[in-house]
């Protein structure tokens, strides 16, 4: 591809399968483990990871006690550790956040737009106590139009819109487990 063509090219449109390949992707089962992601995140933030049992179910009350700066989500009480996003993921998230904010502002909307990390607590059966909530997600971008859902600790209840930037490491979880919540 010529340099001038590359400069005109939309970075968000992939011409072929090769363009979608992530040069940093390592297909190694060991790196998908909860321990590896927690250790990677802890190295970035300078705190040792907690020794949490990944087969145990936890609640938001437990989640609040984890002060090791490791990004996690809880889905039906089970821990899903998240590593820092890759550069393209962060760029797309920022772009989508900015477009959403402009859209709401131009229409003088009352909705608020949030970007990860922003906790969204999804209570079941109206149970809003911290020790009853077992699903906490951090969507890449979310829009909340009901001000009663916005609290100091994030959003309590389903946002009006959620956007997830899919990556090879998160697509399965995002499209199956998180989607059904």
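Please treat every number below as a calculation from the coordinates, not as lab data. Just so it is clear, the structure is predicted and the values come from calculations on it, not from any experiment. Positions of Cβ are generated from backbone atoms using ideal geometry, with glycine treated the same way; all protein chains shown enter the neighbour counts.
Which one is farthest from residue 73 (Cα to Cα) among residues in region 120-130 that are part of a loop (DSSP other than H, G, I, E, B) and in contact with a strand residue (DSSP E or B) (Cβ under 9 Å, 6 or more places away or on another chain)?
128
If you take the residues of region 131-153 that are outside any helix (DSSP H, G or I) and over 20 Å from the mean Cα position of the chain (by Cα), which of them is nearest to residue 96 (Cα to Cα)?
146
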